[in-house]
1. Determine whether the range 54-73 contains at least one residue that is among the β-branched types (Val, Ile, Thr), in contact with a Lys or Arg (Cβ under 7 Å, 6 or more places away or on another chain) and buried (at least 16 other Cβ atoms within 10 Å of the Cβ).
2. So, in the range 87-101, exactly how many residues are surrounded by 16 or more Cβ atoms within 10 Å (Cβ to Cβ) and among the β-branched types (Val, Ile, Thr)?
3. Only residues in the range 123-140 that are within 11 Å of Cys43 (Cβ to Cβ) count as the first member; pair them with residues that are modelled with pLDDT under 85, Cβ under 9 angstrom, at least 6 apart or cross-chain, and list the lot.
4. Given the conditions (1) assigned to a loop (DSSP other than H, G, I, E, B); (2) crowded, with 20+ Cβ neighbours inside 10 Å; (3) among the charged types (D, E, K, R), and given that Arg84 satisfies all but one, which numbered condition is not satisfied?
5. How many of the residues in the range 46-66 are in a loop (DSSP other than H, G, I, E, B) and either modelled with pLDDT under 95 or touching a helix residue (DSSP H, G or I) at 6+ places or on another chain (Cβ under 8 Å) (or both)?
6. Could you list, ordered by first residue, the pairs with Cβ atoms under 8 Å in which the first is in the range 1-30 and closer than 27 Å to Gly129 by Cβ and the second is charged (D, E, K, R) and in a helix (DSSP H, G or I), at least 6 apart or interchain?
Amino acid sequence: MPLFTLPVQASELDIDGNGHVNNIVYVQWMQDAAIAHSDALGCTAATSAAGCCWVARSHHIEYLRPAYAGDRIAIITWIVDATRKSSSVRRYKMVRDTDGAVLATGETLWVFVDTQTGRPRSIPPEVIGCFEVVPADEES
């Protein structure tokens with residue numbers, strides 16, 4: 001399951017003063033998709049068993065089109081880089097179901113952190129092995 005899709009529906013609570021989905025909602029959707037993907041592949045359990053957690057170091061989002069209340073949106077996510085010692089890069093694409101419009105794209109640098117020390121730790125094979133990396137030339 002290299003690509004994972006989390007379906008969401010924008011609600012009235014997601015709308016900002018400009019009448020469209022607020023920017024921060026996209027960050028929440030990105031995090032929700034990452035967690036759901038990790039859960040589905042057993043990575044969350046493996047991470048917890050290792051005494052660690054994943055922490056976002058940085059997010060980048062490019063907003064392309066607005067989303068509105070009631071829009072059904074597919075949050076598509078995948079891993080593009082798992083070769084770093086203690087971090088992984090995950091990408092996202094948000095696509096409106098009704099017209100296939102790409103609303104936003106994003107990327108998060110996730111760091112593997114020891115929950116006891118709060119310090120980055122090398123990602124063990126049983127954790128990183130949960131994911132299939134999608135090479136850049138095969139991204140959706």
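1. Of the residues in the range 54-73, the ones among the β-branched types (Val, Ile, Thr) are 55, 61, 73.
Among the residues that remain, those that are also in contact with a Lys or Arg (Cβ under 7 Å, 6 or more places away or on another chain) are: 73.
From what is left, the residues that are buried (at least 16 other Cβ atoms within 10 Å of the Cβ) are 73.
The answer is yes; a qualifying residue exists.
2. Let us first name the residues in the range 87-101 that are surrounded by 16 or more Cβ atoms within 10 Å (Cβ to Cβ), namely 87-96.
Those left that are additionally among the β-branched types (Val, Ile, Thr): 89, 95.
So the answer is 2.
3. Within 9 Å, the pairs are Ile123/Ala82; Ile123/Arg84; Ile128/Ala82; Phe131/Met1; Phe131/Ala82.
4. (2)
5. In the first step, residues of the range 46-66 are kept if they are in a loop (DSSP other than H, G, I, E, B); the result is 50-51, 64-66.
Now narrow it down to the ones that are either modelled with pLDDT under 95 or touching a helix residue (DSSP H, G or I) at 6+ places or on another chain (Cβ under 8 Å) (or both): 50.
Residues in the range 46-66 being in a loop (DSSP other than H, G, I, E, B) and either modelled with pLDDT under 95 or touching a helix residue (DSSP H, G or I) at 6+ places or on another chain (Cβ under 8 Å) (or both): 1 in total.
6. The qualifying pairs are Leu6/Asp32.
The values are calculated or read from the model by the stated rules, or taken from the named source; none is laboratory data. In this text the structure is predicted, and so the values were computed from the model without any measurement. Counting neighbours? That spans all protein chains shown, and the Cβs are built from the backbone with ideal geometry, glycine included.
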